[in-house]
Amino acid sequence: MISKENRGFIYGARILNSILLIGLLFLLITSCNKKMKSEHEFEYVINVSESLSSEKETVKLSDYCSQINYIPLETHPECLLRNILKLEMTKRYIYVSDGRHVYMFDKQGQFIREISKIGKGPEEHGKSIRFTLDQRNNEILICDIRSYPARVLIMNALNGSYKRTILINEQVDKVDFLSDGRLMFFTMDLSNRTSRFTTNEILLTDHNGNILDSIQDNNRLLNHNNILGTIDKHSLNGSVYYMGNYKNKMYKVMDKFMKVPYVLFDYQNKVEYNDLYISPEKGEEFKDHIIIRRPVEDPNNLFFITQFGVMPPHLTKENFIFSKRTHQLIHTEKLINDVDGGMPFWPSFYTDNKLIMTSKARDIITYREKNSGETLNKIAKDLKMDSNPVLVIAQ
């Protein structure tokens with residue numbers, strides 16, 4: 001028999017426990033919300049599948065810029081570029097990478113130097129790299145994406161000298177930074193069957209690589225596909241935007257290290273990302289699977305390419321422009337160059353407040369043979385088929 005006094009004590013203890021539990025849940029929820037807003041709060045929803053059936057519109061380049069400039073990158077024995085995977089431009093310099101090297105040019109396209117080199121030395125990197133430019137500290141961060149732990153070289157962006165190395169105990173695919181200089185390491189989204197699997201989507205460190213915080217993605221626990229879990233990433237207006245390979249959601253990381261839903265691409269694929277297991281024998285099964293490729297964003301628009309299929313020969317591509325102001329989605333070909341009569345334009349990068357297309361020299365030469373134009377003739381006459389690419393800059 002429990003006395004009234006004891007019953008009151010037990011009842012009070014239960015109320016106290018309930019209050020503590022509610023408080024704990026509140027702390028957990030608010031803690032999570034500091035780093036991730038609700039998945040239902042996407043700033044933009046783009047209905048790709050519906051627009052794919054629409055007729056393609058003719059779009060003029062003059063709707064997006066008023067001037068075109070060309071910068072042929074100098075072909076140099078120490079710098080032979082087949083393609084450009086990353087480009088950063090400042091007021092004085094141009095930095096480009098083909099995924100193996102980082103090269104530095106002046107604003108006229110004259111080759112200056114290679115930043116670090118392939119090798120096994122302490123100041124060298126492996127054969128697969130990604131880089132980012134920190135203009136605030138005049139540093140280039142070169143991430144060796146095949147190394148584990150990840151090796152990140154910090155190089156002087158002005159003279160190319162080595163400064164230090166950071167080691168991160170994850171499989172890192174991309175590196176970026178916040179305005180205060182703290183570094184963000186974006187990890188590869190690997191199958192939960194692999195030994196390097198992690199739910200740490202983004203690691204935040206100080207400038208020396210000491211871990212300060214992380215953003216978790218527990219959805220990775222459900223991932224049993226065999227997709228190469230790379231990250232597509234760009235920066236705009238102080239925020240970093242990223243999207244996983246084969247995924248349909250783009251997020252932005254605010255300067256306070258908070259992950260915010262940004263764009264939801266609605267293309268109604270039949271197979272979910274976590275279940276997408278691809279092999280040469282099964283490539284036929286995914287010929288209608290839609291993937292977003294190489295999104296390029298400026299303050300007003302989002303340019304992107306949709307790819308149908310995951311393996312040759314079932315690969316077709318379509319171009320789209322999404323207006324962030326009107327929410328209109330345009331299905332189009334490349335932009336007709338009515339500014340100077342040059343080649344059709346489609347942006348590869350947005351940097352230094354400019355849309356930039358990288359054109360292979362042989363494409364410009366071939367186009368010039370069938371089309372005339374004073375500017376095009378001037379650019380093409382000094383090119384050879386194996387010359388380095390030309391930057392076509394719209395502003």
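Taken together, the values in this text are just the output of simple stated rules run on the coordinates, not laboratory data. What you see is a predicted model, and the numbers here were worked out from it, not measured in a lab. Ideal geometry is used to build each Cβ from the backbone, glycine not excepted, and the neighbour counts take in all protein chains shown.
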Q: For region 44-171, report the translational diffusion coefficient in µm²/s to the nearest whole number, using Stokes-Einstein at 20 °C, 1.002 mPa s, and a Kirkwood Rh over Cα pairs.
A: 127 µm²/s
Q. Could the peptides 46-53, 178-185 be put in order, highest first, of the mean number of other beta-carbon atoms found within 10 Å of their residues?
A. 178-185, 46-53
Q: Could you quote the convex hull projected area for the chain, Cα atoms only and averaged over all directions, in nm²?
A: 26.3 nm²
**Q.** Cα centroid separation - region 203-272 against region 366-395, whole Å
**A.** 37 Å
Q. Between Leu221 and Glu41, what FRET efficiency follows from the Cβ-Cβ distance if R0 is 22 Å, with the result rounded to 0.05?
A. 0.45
Q) Counting DSSP beta bridges with both partners in region 46-394, what percentage is antiparallel, nearest 5? A) 95 percent
Q. In square nanometres, what is one fourth of the surface area of the convex hull spanned by the alpha carbons of region 147-295?
A. 10.3 nm²
Q. Can you give the helix-only mean residue ellipticity at 222 nm for the chain, where every DSSP H stretch with n ≥ 4 adds -39500 (n - 2.57) and the sum goes over all residues, rounded to the nearest 500 deg cm²/dmol?
A. -4500 deg cm²/dmol
**Q.** Ranked packing of 369-375, 128-134, most packed first, by mean Cβ within 10 Å
**A.** 128-134, 369-375
(Q) Can you tell me what percent of all Cα-Cα pairs in region 225-275 are more than 16 Å apart? (A) 46 percent
Q. Among the listed pairs Lys56/Lys334; Lys117/Lys163; Lys86/Lys334; Lys287/Lys317; Lys86/Lys163, which are separated by more than 18 Å between their Cα atoms?
A. Lys86/Lys334; Lys86/Lys163
Q. Based on the Cβ-Cβ distance of Lys370 and Tyr93, what FRET efficiency does E = 1/(1 + (r/R0)^6) give at R0 = 30 Å, to the nearest 0.05?
A. 0.30
Q | Shape of region 43-110, Cα gyration tensor, a/c cut at 1.5 | A | prolate
Q. Normalized C-alpha radius of gyration of region 260-370, against 2.2 N^0.38 Å?
A. 1.28
Q.
Output the 0 to 90 degree angle, nearest 10, between the alpha-carbon long axis of helix 361-370 and the longest principal axis computed from the alpha carbons of the chain.
A. 50 degrees
